[in-house]
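See structure below.
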Amino acid sequence: MPATREVPRFDPVRVRGGNRSGRLVRHRRRAVAVGLAVTATALVAAGPRDADGARGHPRARPPVHTASAPGEQAAHPRRATGSVTAPVRIADAAAVRLLRPGDRVDVIAAEETGPGGEARTVARGARVTKVPEPVEGAGDSGALVVLSVPRATAARLAGAGVTGRLALTLW
């Protein structure tokens, strides 16, 4: 066995800038956030380059339409869901002048079958999108208002406007 030697005395070694790994341990949350950001950036940069849209979001296919004649295509694609804008003629033009875009209204249909006819609510909480200026010489035909409603409600509004007079209540 070799003889033991004494270790000479020397000053401690000091590294400029401190211990970086210790700093990362102390700021663990920040280090994880930085690591995630770097990883996400690397994944986006390394991913495939498609001109077909964003990755992970499949493109919506347009619905298949039936044409009115063989070989003829449908004129307008249909929206599957969501709101549509529906122009509605309200019998009381003065009530329409109270409206502003963004207002919510209920539309009520009064049947013209005689005195004391039935009244029913056709649309609830419809959002006013536009209040067109009244047309000169329109007489007592009411006033037009454009509402944003679900597709099924727009169909009910159109039918009710043909068979009766429409009124509205403000929210």
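Evaluate E = 1/(1 + (r/R0)^6) for VAL38 and ARG16, where r is the Cβ-Cβ distance and R0 equals 22 Å; express this FRET efficiency to the nearest 0.05. Write down the numbers at each step before the final one.
Working: r = 26 Å, r/R0 = 1.17.
After rounding to 0.05, the efficiency reads 0.30.
VAL145: net charge of surrounding residues, Cβ under 9 Å, Lys/Arg +1, Asp/Glu -1, itself excluded?
On the way: positive: ARG89, LYS130; negative: none.
Neighbour charge sum, excluding VAL145 itself: +2.
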Legend entry - Space enclosed by the convex hull of the alpha-carbon atoms of region 83-170, per residue, Å³: 89
Legend entry - Computed FRET value (nearest 0.05) for HIS27 with ARG104, which takes r as the C-beta separation and R₀ as 45 Å: 0.35
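Throughout, read-outs are computed from the coordinates displayed, never taken from laboratory work. None of the values given here were measured: they were computed from a predicted structure. Cβ sites come from the backbone with ideal geometry, for glycine too, and all protein chains shown count toward neighbours.
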